Amino acid sequence: MNRNLIAIRTMPNDEITGLLDLAAEFKAKINAGEDVPSMKKTVIGLLFFENSTRTRVSFEQAAFYLGMRSSNFATSASSMTKGETLKDTILTLRHERINGLVMRHKSSGAPMLAAKHFGGPVLNAGDGQHEHPTQALADALTILERKTSLEGLNVSIVGDVEHSRVARSNAWLLDKLGANVRLVGPRTLLPPHPSMLPGECYDELEEGISGADVIICLRLQRERMAEGMISSIGEYASLYQINADTLRFANPGCLVMHPGPINRGVEIDDVTADGDSAVINQQVENGVFVRMAAFYWCFGGQQS
Ligand code: NCD
């Protein structure tokens with residue numbers, strides 16, 4: 001059975017834990033040099049309408065490990081610059097017999113539209129400020145490798161929560177698997193209606209990360225932000241930066257995470273980003289394995 005992977009919010013818990021188990025299994029096999037399933041008859045289209053380093057390369061790497069072929073559409077070089085609609089682009093790829101799509105788009109909901117016209121599996125690689133499901137899976141795998149369970153963990157998501165699809169997917173996933181989620185940031189960058197996302201809102205950093213077992217730092221999404229939402233980057237950094245001084249309020253052994261790209265000196269300082277509490281590189285590495293699991297799951301575990 002083919003499936004789409006669009007949002008964590010609507011995924012049943014057993015599907016989330018199944019994907020995490022599968023990713024851990026793929027990681028163990030790749031690290032041991034053992035065989036993983038071959039999906040060599042599958043061609044995946046990578047459509048990145050927004051910039052990406054980590055996510056795009058890790059989807060490519062995941063496809064490579066599974067023996068798939070990936071076809072990269074640099075959207076600036078596609079017919080969309082000639083006025084073609086998203087719908088017609090998707091229909092073209094479908095009739096060229098591309099088997100599945102990975103899609104990043106600035107509009108929330110674009111992967112749903114693509115799935116409607118494409119039919120085959122569509123994997124959301126980040127849509128607007130809606131969701132980024134595979135990032136949340138990579139983050140959960142990284143936490144689980146160090147804390148064993150998410151149940152009862154205090155996880156503070158700090159920064160521009162309002163514009164962050166990473167914050168949304170993480171809040172849903174962590175809440176579903178039993179963590180206590182806190183959303184921390186200036187009021188203008190927290191969800192306007194607290195009931196829109198699971199978790200308690202805090203506009204004071206010390207209170208928001210006090211007793212935290214995990215802190216997820218977020219980049220200020222200036223490309224999605226209206227003027228005047230923060231008074232200045234300097235003031236934001238002085239109130240919300242994760243550094244040795246502020247990390248004292250968290251629990252000993254607190255993990256510091258960041259989905260990247262990092263704006264060093266803004267949401268996190270150099271020493272913390274490169275320090276022993278940070279698991280940022282491990283998040284990147286796990287991104288490859290959760291995307292392998294996502295491909296395998298979306299194509300119904302098909303092997304050839
Ligand atoms: C994030 C994104 O694009 O949503 N990056 C990522 O995929 N790892 C976060 C960001 O851009 O700040």
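Brief remarks on what is shown
- Tabulated pairs, region 242-255, first within 15 Å of Cys217 (Cβ to Cβ), second of a type in the set (Val, Ile, Thr) and surrounded by fewer than 21 Cβ atoms within 10 Å (Cβ to Cβ), C-beta under 9 angstrom, 6+ apart or interchain: Asn243/Val271; Ala244/Val271; Leu255/Val279
- Condition check for Gly234: outside the structural domain of Ser52 (by TED's automatic domain parsing) and assigned to a loop (DSSP other than H, G, I, E, B): no
- Pairs where the first residue, in region 56-69, is open to solvent by less than 10 Å² (accessible area, probe 1.4 Å) and modelled with pLDDT of 95 or more and the second is among the β-branched types (Val, Ile, Thr) and part of a loop (DSSP other than H, G, I, E, B), C-beta under 9 Å, 6+ apart: Ala63/Thr42; Leu66/Val36; Leu66/Thr42
- Residue that is farthest from Glu223 (Cα to Cα) [pool: residues in region 147-178 that are acidic (Asp, Glu) and open to solvent by 20 Å² or more (accessible area, probe 1.4 Å)]: Glu151
- Number of the exception - Gln129 against (1) within 22 Å of Asn263 (Cα to Cα); (2) crowded, with 19+ Cβ neighbours inside 10 Å; (3) touching a strand residue (DSSP E or B) at 6+ places or on another chain (Cβ under 9 Å): (3)
- Here Ser277 passes the criteria (1) within 15 Å of the ligand (Cβ to nearest atom); (2) under 23 Å from the mean Cα position of the chain (by Cα); (3) of a type outside the set (Val, Ile, Thr) except the one numbered (1).
- For region 2-52, the set of residues classified as part of a loop (DSSP other than H, G, I, E, B), open to solvent by less than 40 Å² (accessible area, probe 1.4 Å) and among the β-branched types (Val, Ile, Thr) consists of Ile6, Ile8, Val36, Thr42, listed by residue number.
- Test: residue in region 248-267 that is assigned to a helix (DSSP H, G or I) and of a type outside the set (A, V, I, L, M, F, W, C): no
- Test: Gly83 is over 18 Å from Val290 (Cβ atoms), modelled with pLDDT of 95 or more and small (Gly, Ala, Ser): no
- Flag for His117 being over 18 Å from the mean Cα position of the chain (by Cα) and either away from the ligand (no atom under 11 Å from the Cβ) or touching a residue at least 12 places away in the same chain (Cβ under 8 Å) (or both): yes
The values are calculated or read from the model by the stated rules, or taken from the named source; none is laboratory data. Because the structure is a prediction, the values reported are computed rather than measured. Cβ sites come from the backbone with ideal geometry, for glycine too, and all protein chains shown count toward neighbours. Each accessible area value is taken on the protein alone, full model and side chains, heavy atoms only, with ligands, DNA and RNA left out. Shrake-Rupley method; radii C 1.70, N 1.55, O 1.52, S 1.80 Å.
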